[in-house]
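J.: Structure in structure tokens, see below.
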Amino acid sequence: MNTRNFPLLVATLSVSLLGCQKPPPPVPDPTYEYKTVSYEATATTEAGPSSLDINVADLNKLGDERWEVISVTPVTETRFHNFGKDEYVTGIRENVRTKSATVLLRRKK
């Protein structure tokens, strides 16, 4: 055997052996538990706009417990009910307002 090619042979074998290592076991997908929190809106008048106040302190506390917000779903309602009335609201107006919002949270089990 030619000794000049010996380092090349060692390097080739080392690279080959590195590729033969057993692959790590697969990591299982995480499992989650879910929770919903609802917030009700308050209206200034019967036909007026509504205000939705989400308590940030509550969300921070849930975050400290490792809950993460994954969606917020608003629920709307009709502001002007004109069914069968002569006083029909005319003009271009916004006819819905926020009634509530549901926050969906999850955390790893």
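J.: Which one of these does Pro7 not meet: (1) modelled with pLDDT under 70; (2) loosely packed, with under 10 Cβ neighbours inside 10 Å; (3) not in a loop (DSSP other than H, G, I, E, B)?
T.: If we test Pro7 against (1) modelled with pLDDT under 70; (2) loosely packed, with under 10 Cβ neighbours inside 10 Å; (3) not in a loop (DSSP other than H, G, I, E, B), just (1) comes out false.
J.: Take the residues of the stretch 21-56 that are loosely packed, with under 10 Cβ neighbours inside 10 Å and within 17 Å of Ala101 (Cα to Cα): which is modelled with the highest pLDDT?
T.: Within the stretch 21-56, the match that is modelled with the highest pLDDT is Val56.
J.: Name the residue that is modelled with the lowest pLDDT, counting only residues in the stretch 67-106 that are surrounded by 12 or more Cβ atoms within 10 Å (Cβ to Cβ) and among the hydroxyl-bearing types (Ser, Thr, Tyr).
T.: So the residue we want is Thr78.
The values are calculated or read from the model by the stated rules, or taken from the named source; none is laboratory data. Keep in mind that what you see is a predicted model, and the values were worked out from it rather than measured. Every residue, glycine among them, receives a Cβ derived from its backbone with ideal geometry; neighbour counts consider all protein chains shown.
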